[in-house]
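Laboratory data are not the source of any read-out in this text; all were calculated from the coordinates shown. In this text the structure is predicted, and so the values were computed from the model without any measurement. Positions of Cβ are generated from backbone atoms using ideal geometry, with glycine treated the same way; all protein chains shown enter the neighbour counts.
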Amino acid sequence: MDLTLRIWRQPDAESDGDFHVYAVKGISSDMSFLEMLDVLNEQLIESGEEPVEFDSDCREGICGTCGLVINGVPHGPERATATCQLHMRKFSDGETITVEPWRATAFPVQRDLVVERSPLDRIIEAGGYITAPTGAAPDANEIPVPKEAADAAMDAAACIGCGACVAACPNGAAQLFTAAKIAHLNLLPQGQAERYRRTEAMVDTMEEFFGSCTNHGECEEACPKEISIDFIAMMNRDYIRSKFKNRKRLGQKKVG
Amino acid sequence: MSAATRTKLLPGDPQLDKADEGRPAGRSNFLVEFWRSDVGKKWLMAVSGLMLMGFVLFHMVGNLKLYLGAEDVNHYGEFLRELLVPILPRTVALWLFRLGLVAAFAVHIAAAASLTKTNRDARKVPYKSERDYIAANFASRTMRMTGIVIALFLLFHLADLTWGRANPDFVRGDVYCNVYYSFSRPWVAIVYILANLALGIHLYHGGWSLFQSLGWNSPRFNPWRRWFAIGFALVVVVPNISFPISVLTEVIGPCP
């Protein structure tokens, strides 16, 4: 396959960037998108140019490190697939492919196609934990978990934190990420102790960085793990409930 | 930081550690708490939207009395003014409803304006290549536009049929003749039909979106949420559009 690539190049976070056009020849249709970029970079290095910077790690769709907006769609045209698992057979010979980094105020471009995504870590820090006893591991199945709850929690926990939901959202909102991270704990018995405090803290932290949800559903379409926007509704419900929960003085005489 | 003045944080922002500064230690009134949060604002938008949906539905049902003739619809107008008499003085119940509606409009519009700013801040640098939206539809992408069209039409509609300033033949209390003379002007009929189409598009997304914002999500009724929005939009808009057409085609006869 011979392809024309329009790739966003930006030397560093402070500089302006623009699209550079490159031609790559002899691409195998069995290559992944990132392997195709590797070929381009070999080509650039040989001709003495700076290679295109992009993030990648596991290249098997489970780490959430890679992420490119390909022809206007985060992670490209294949549904439920991270960029590293996208194969060149999804493109046609002679096609012009446009590649852009995630765009969000909270995800500033560091260089070329690399963005910083640490605000997602801030959301996790705010409440992505449970209180667990120390000591010996509890017996298996000691805590009964309904099968449906376990399944739904597992679906939410499939989130790899790539940030495609933010990239896809017309509002730059991180609701799908936050909702998934909240839901996989809130659905399980082990997550109940912090349920409302977690929801409130994680949503409040999310809102410091990201936009708000207008229920377009673009995030769900872009998500390489097909996480459902049903979890966003669950998060909204728990957030609203958290505002009504006040057990601080339950059963106590009101003093002061 | 207050929600009104907040712009989005960047990763590593020195503000980051002060995110909670200025927030009261305890709980405020839940409505104040909601207004501070984007998720809460969406809840307020959904609730005020539901109130406004209730209004447009009953407004349409009341207007159907146009088909029963001048006496019936004018009698219905008088019924609204005499609602809850003698418990309340004449027109007081009507004014209470009107105050509720004004409040709902104010909350709905203020929240929309505030969230629009939040969402613009969340992606200050837009995508440089063309985005390819998958799930977002025409209705969801044009909520702000259809909302503005409805608000402007509402002002004209009040001037036309409530205050009478935009209707040279206006006679206070004579509902049938006011409607007849107003819609006899073809430009008013066209403006009315276009505004109702905008309302229908707004309801197509809003009537679905409110379920997500309120956290009303269950596999039991999820498939019905879209049908509810479509059905509600049609039930309100089709009869509404029939009124000016009926006047112009003389199905609704001339003023007696």
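Between helix B:222-248 and chain B, what is the angle of the helix's C-alpha long axis to the longest principal axis, kept within 0 to 90° and rounded to the nearest 10?
40
Do any GluC sites (Glu not before Pro) in segment A:123-174 lie in a DSSP loop with no more than 13 other beta carbon atoms within 10 Å, and if so, which?
Here the GluC sites (Glu not before Pro) that fit, given the DSSP loop and packing criteria, are A:GLU142.
Using θ = phi - 60° and the Karplus curve 6.51 cos²θ - 1.76 cosθ + 1.60, what whole-Hz ³J(HN,Hα) does each residue of segment B:159-170 get, with Gly and Pro shown as x?
Calculated HN-Hα couplings, in order: 5, 7, 10, 10, 8, x, 6, 9, 9, x, 9, 5 Hz.
So what is the 222 nm mean residue ellipticity for chain A from helices alone, if each DSSP H run of at least 4 adds -39500 (n - 2.57) and you divide by all residues, rounding to the nearest 500 deg cm²/dmol?
Theoretical 222 nm ellipticity from helices: -10500 deg cm²/dmol.
Just to confirm the number: angle between the C-alpha axis of helix B:70-81 and the first principal axis of chain B, 0 to 90 degrees, nearest 10?
Helix B:70-81 sits at roughly 50 degrees to that axis.
Name the long-range amide H neighbours of A:VAL69: under 5 Å, sequence gap of 5 or more, or other chain; modelled H, no Pro or chain starts.
A:HIS75, A:GLU100, A:TRP102
Please work out the C-alpha center-to-center distance from segment B:201-253 to segment A:56-102 and express it in whole Å.
Cα centroid to Cα centroid, the span is 38 Å.
Ranked from highest to lowest mean number of other Cβ atoms within 10 Å per residue, what is the order of the peptides B:214-227, A:62-75?
A:62-75, B:214-227
Taking a cut-off of 31 Å, what percent of all Cα-Cα pairs in chain A are separated by more than that?
In whole percent, the share of Cα-Cα pairs in chain A beyond 31 Å is 35.
What Kirkwood radius, in Å to one decimal, follows from the Cα pairs of segment A:117-244?
Here the Kirkwood hydrodynamic radius works out to 14.9 Å.
Classify segment B:87-132 from the C-alpha gyration tensor, please: rounded if a/c falls under 1.5, else prolate or oblate depending on whether a/b exceeds b/c.
In terms of gyration-tensor shape, prolate.
Treating cross-link reach as a plain straight distance, find the lysines whose alpha-carbon is under 22 Å from the alpha-carbon of A:LYS181, omitting any fewer than eight places away in the same chain.
The qualifying lysines are A:LYS147, A:LYS225, A:LYS243, A:LYS245, B:LYS8, B:LYS41, B:LYS42.
What are the aspartates and glutamates whose alpha-carbon lies under 20 Å from the alpha-carbon of A:LYS90, with same-chain residues fewer than 8 places away excluded?
Excluding near neighbours in sequence, the set is A:ASP2, A:ASP30, A:GLU35, A:ASP38, A:GLU60, A:GLU78, A:GLU100, A:GLU221, A:GLU226, B:GLU130, B:ASP132.
Distance between Cα centroids, segment B:119-179 to segment B:62-91: provide it in whole Å.
Segment B:119-179 and segment B:62-91 have Cα centres separated by 28 Å.
How far, in degrees from 0 to 90, does helix B:92-121 lean away from the longest principal axis of the Cα atoms of chain B, to the nearest 10?
For helix B:92-121, the angle is close to 40 degrees.
Mind checking which helices in chain A clear 18 Å along their axis (Cα) and have mean Kyte-Doolittle hydropathy of -0.5 or more, DSSP H runs only? Kindly include the intermediate steps, with their values, before the conclusion.
On the way: long enough: A:33-46 (20 Å, 0.54); A:195-209 (22 Å, -1.17); A:230-244 (22 Å, -0.35).
Membrane-span-like by this rule: A:33-46, A:230-244.
Can I get the semi-axes of segment B:40-248's equivalent ellipsoid? Compute them from the C-alpha gyration tensor as square roots of 5 times the eigenvalues, in angstrom, largest first. Please report the intermediate quantities before stating the final value.
On the way: eigenvalues 226, 82, 60 Å².
Whole-Å semi-axes of the equivalent ellipsoid: 34, 20, 17.
Ordered by residue, what ³J(HN,Hα) values in Hz, to whole numbers, does segment B:48-53 give under the Karplus form 6.51 cos²θ - 1.76 cosθ + 1.60, where θ = phi - 60° and Gly and Pro are x?
Calculated HN-Hα couplings, in order: 5, x, 4, 4, 5, 5 Hz.
Starting at the first residue of segment A:16-25, write each ³J(HN,Hα) from the Karplus equation 6.51 cos²θ - 1.76 cosθ + 1.60 with θ = phi - 60°, in whole Hz, x for Gly and Pro.
7, x, 7, 7, 10, 9, 10, 9, 10, 10
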